[in-house]
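The values are calculated or read from the model by the stated rules, or taken from the named source; none is laboratory data. Here the structure is a predicted model, which means the values were calculated and not measured. Methodologically, a virtual Cβ is constructed for each residue, glycine included, from the backbone with ideal geometry; neighbour enumeration extends over all protein chains shown.
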Amino acid sequence: MKKILFLTVLCFGVITMNAQTKEELETQKAEKQAIADAAQAEANALQAQIDALPGWRKGAFGTIGGSLSNFSNWYAQGTPNNASGNIGFTVNGFANLIQEKFFWRNSLTTNLNWVKLDNKDTDTDDDSFNPTTDVFNISSLYGRNIAKNLAVSALAEYRTTILDNFNDPGYLDVGIGATWTPIENLIVVVHPINYNFVFADNDNIFESSLGAKIVADYTKQIGAIAFKTNLSSFQSYKSGDLSNWTWTNSFSYTLWKMIGVGFDIGLRNNKQEALNYSINTLGNTGDTFDSVDNDIQSYYTIGLSYKF
């Protein structure tokens, strides 16, 4: 009986001791966490002061997506013996020089994707990776400040494809006007004097013209999240058929070290490209700017992301 009583008291004491120890550890953890939060807040404030100093700001993030598969004697599908794959990546980079009286902002956006489907039962198909998504855009914006959030500016922006039909078409916008920065990380460019140079083999469809350039760009890094959205629009003074716009969005969330998940989506409206595709690819030689179906162009990429 005495042994049972002794063991009961001993167990109760051990449980009580463990409970007290757990409470003490949780209290200590809370105290340490409060100190760490305060230190992080101070570090964030110092980083904000550093970011506000004149000088270069550079950065980049991207998305990598891909899959490979191989089937042998998989009779349930139409091609039982095949090898397929999909590989793509995007890169969003910037290098900005911010000074008290002027700024120089440079950015690069590219999205490249390859796909292959090799039917092993035939020798006539293409067993190589072929480009599908092909986006390349580079821009340079220079401005002289005339007010806190307003500057006179000049912009050069070039966009084309680089894997297939390089510079056919290619677009070069060069213009002057004003740049407005209403909030941090948001850049709004309005250039009423802008010439849109169009480079293409088919001069009957693609045509350069004078117009207005409007660009809105927002890039933000919040902890593990990186986000960028860019709208670039050209409104031709000669004809609405020569106008175009492109809207791209990139999102990246870091899960472990520099690796995470990413998502990219792009939309475009360009009637010259739609007419060129209808006539030269589909063979609709009777189409004109008035009759062509100018559907919204789009792409998206989902995959692993890597923060440079």
Original post:
Among the residues of region 138-150, which ones are at pLDDT 95 or above and either surrounded by fewer than 14 Cβ atoms within 10 Å (Cβ to Cβ) or among the polar types (S, T, N, Q) (or both)?
Top reply: SER139, SER140, ARG144, ASN145, ILE146
Original post:
Residues of region 295-308 being closer than 19 Å to THR246 by Cα and either touching a Leu at 6+ places or on another chain (Cβ under 8 Å) or modelled with pLDDT under 90 (or both), which ones?
Top reply: ILE296, GLN297, SER298, TYR299, TYR300, THR301
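Within region 155-168, can you find the residues that are without any contact (Cβ under 8 Å) to a residue 40 or more places away in the chain, assigned to a strand (DSSP E or B) and buried (at least 17 other Cβ atoms within 10 Å of the Cβ)?
Step one: filter region 155-168 for residues without any contact (Cβ under 8 Å) to a residue 40 or more places away in the chain, giving 156, 158, 160-161, 164-168.
Next, from what is left, pick out any that are assigned to a strand (DSSP E or B): 156, 158, 160.
Answer for region 155-168, where residues must be without any contact (Cβ under 8 Å) to a residue 40 or more places away in the chain, assigned to a strand (DSSP E or B) and buried (at least 17 other Cβ atoms within 10 Å of the Cβ): TYR158, THR160.
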Original post:
Which residue pairs have Cβ atoms under 9 Å apart, sit 6 or more places apart or on different chains, and have a first residue in region 221-246 that is within 21 Å of ALA156 (Cβ to Cβ) and touching a residue at least 24 places away in the same chain (Cβ under 8 Å) and a second that is polar (S, T, N, Q) and outside any strand (DSSP E or B)?
Top reply: PHE234/SER243; GLN235/SER243; SER236/SER243; LEU242/SER208; LEU242/GLN272; ASN244/GLN272
Original post:
Residues of region 128-145 being without any contact (Cβ under 8 Å) to a residue 24 or more places away in the chain and not in a strand (DSSP E or B), which ones?
Top reply: SER128
Original post:
From the list TYR171, TYR158, which residue is hydroxyl-bearing (Ser, Thr, Tyr), within 22 Å of the chain's Cα centre (by Cα) and under 21 Å from ASP264 (Cα atoms)?
Top reply: TYR158
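Tell me the residue from PHE289, PHE263, PHE251 that is over 20 Å from the mean Cα position of the chain (by Cα), touching a residue at least 12 places away in the same chain (Cβ under 8 Å) and either surrounded by 12 or more Cβ atoms within 10 Å (Cβ to Cβ) or not assigned by TED's automatic domain parsing to the domain that holds TYR171 (or both), please. Please lay out each step first, then the result.
Details: PHE263 fails: over 20 Å from the mean Cα position of the chain (by Cα); PHE251 fails: over 20 Å from the mean Cα position of the chain (by Cα).
Being over 20 Å from the mean Cα position of the chain (by Cα), touching a residue at least 12 places away in the same chain (Cβ under 8 Å) and either surrounded by 12 or more Cβ atoms within 10 Å (Cβ to Cβ) or not assigned by TED's automatic domain parsing to the domain that holds TYR171 (or both) holds for just one of PHE289, PHE263, PHE251, which is PHE289.
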Original post:
Does region 64-85 contain any residue that is in contact with a Gly (Cβ under 6 Å, 6 or more places away or on another chain), in the same structural domain as LYS220 (by TED's automatic domain parsing) and touching a residue at least 60 places away in the same chain (Cβ under 8 Å)?
Top reply: yes
Original post:
Given the conditions (1) surrounded by fewer than 19 Cβ atoms within 10 Å (Cβ to Cβ); (2) part of a loop (DSSP other than H, G, I, E, B), and given that ILE205 satisfies all but one, which numbered condition is not satisfied?
Top reply: (1)
Original post:
Pick from VAL261, VAL198: which is of a type in the set (A, V, I, L, M) and out of contact with any Asp or Glu (no Cβ under 7 Å at 6 or more places or on another chain)?
Top reply: VAL261
